[in-house]
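One structure is given below, encoded as structure tokens.
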Amino acid sequence: MSPTAPRNWPAVSPDKSLTFSQRLTQIEQQIMAACRRAGRSRDQVLLMAVSKTHSAEAVQEAIAAGVAHFGENRVQEFAQKSLALAQLEVARGEANLASSPPLFHLIGHLQSNKAAKAVEIFDAIDTLDSLRLAQRLSEVAQTHSRKLPVLLEIKLSSEESKTGLHPQSPELIELLERIPSLNGLELRGLMTVPPYNQDPEAARPYFRQLRELREQLTLAHPSLCFEELSMGMSGDFTVAIEEGATVVRIGTALFGERGLPR
Ligand SMILES: *Cc1c(COP(=O)(O)O)cnc(C)c1O
């Protein structure tokens with residue numbers, strides 16, 4: 001598969017005649033059915049709406065429909081969107097009504113030079129993929145007196161276009177040794193993006209590998225937390241839930257097509 005393949009995988013075409021909350025209801029039913037098949041309870045799986053490329057208004061609609069977690073992949077894009085969201089909230093006078101504010105996760109690659117801005121605008125970084133970035137994020141988080149929740153992004157395939165730590169890499173081992181002393185970070189688990197494939201079943205071995213890696217790491221580092229497994233997207237989230245996902249990241253099936261990848 002060429003590295004330029006559209007990142008809408010597997011092919012998903014949401015029904016455009018449905019409203020956001022109708023699509024949410026459909027996805028909710030699929031999540032519940034997958035949990036039932038896997039003998040898991042619904043509250044073990046968190047739905048993250050991936051709002052990248054979609055407007056602040058679209059995010060607002062999702063919040064109104066009850067979505068509490070969002071995924072964005074670019075610092076600059078979300079910096080603008082979060083300003084627009086703040087203005088929408090003020091305009092509608094909803095700022096004080098929200099029971100618990102929505103949380104925004106960075107799910108795209110982060111360069112160290114954007115770490116400061118990312119810590120300022122995101123609630124969590126789900127794509128920690130180097131020791132250097134970990135050190136930088138921890139430093140910045142500490143200056144804000146924050147403990148920033150992070151997931152380690154794991155690269156399970158050999159695709160060159162992918163970022164993430166190789167499961168057997170010396171860097172991962174070193175990062176796991178150093179992370180307890182990085183006081184600005186709170187390790188919460190692992191995340192992965194399997195290679196593009198039209199067939200959701202093709203992702204299953206990758207999902208399983210991430211779960212097995214978590215088991216190994218939990219044994220090797222009993223004092224660290226690897227609770228979250230963020231895996232599964234619009235085309236394969238039910239497979240991911242069967243394999244143990246605790247977070248599924250759904251964009252296209254909720255918000256519609258994104259058009260060309262950016
Ligand atoms: C875009 C993106 C998603 C959502 O993909 P869909 O196929 O639209 O659901 C999930 N995870 C990551 C890391 C992404 O970049």
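The values are calculated or read from the model by the stated rules, or taken from the named source; none is laboratory data. Just so it is clear, the structure is predicted and the values come from calculations on it, not from any experiment. As a convention, Cβ positions derive from the backbone with ideal geometry for all residues, glycine included, and neighbour counts pool all protein chains shown. Surface areas here come from the heavy atoms of the whole protein model, side chains and all, with no ligands, DNA or RNA. Shrake-Rupley method; radii C 1.70, N 1.55, O 1.52, S 1.80 Å.
The table for this structure:
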item: Label-to-label distance, nm, for residues given as residue 159 and residue 147 (7 Å Cα→Cβ offset); result: 3.5
item: Links that overshoot a 23 Å alpha carbon limit, given the list 52/117; 114/147; 16/162; 114/162; 52/147; result: 16/162; 52/147
item: Percent RCO, i.e. relative contact order, over region 104-185, from Cα pairs under 8 Å lying at least 6 residues apart; result: 31
item: Full-extension gain in nm, residue 43 to residue 199, via 0.36 nm per residue minus C-alpha separation; result: 53.5 nm
item: Of 223, 196, 17, farthest towards positive along the dipole that unit charges on Lys, Arg, Asp, Glu beta carbons give the chain; result: 17
item: D_trans [Stokes-Einstein, Kirkwood Rh over alpha-carbon pairs] for the chain, 37 °C, 0.692 mPa s, µm² s⁻¹; result: 174
item: Accessible surface of the chain [probe 1.4 Å, protein heavy atoms]: carbon and sulfur percent; result: 50
item: Extension gain (nm, one decimal) between residue 116 and residue 171, 0.36 nm per residue minus Cα-Cα; result: 17.6 nm
item: Amide H contacts under 5 Å for residue 185, placed H, 5+ residues apart; result: 148
item: Peptides ranked, highest mean first, by Cβ atoms within 10 Å: ranges 224-236, 194-206; result: 224-236, 194-206
item: Within the chain, percent of DSSP bridges classed antiparallel, to nearest 5; result: 0
item: Dipole magnitude of the chain about its Cα centre (Cβ charges: Lys, Arg +1; Asp, Glu -1), debye to nearest 20; result: 200
item: Cα Rg, Dmax (largest Cα-Cα span) when computed across region 168-239, Å; result: 13.9, 42
item: Å² of accessible area per residue within the chain, as computed with a 1.4 Å probe and no ligands counted; result: 48
item: Structure-based [θ]222 nm, the chain - -39500 (n - 2.57) summed over DSSP H runs of at least 4, per residue, nearest 500; result: -11500 deg cm²/dmol
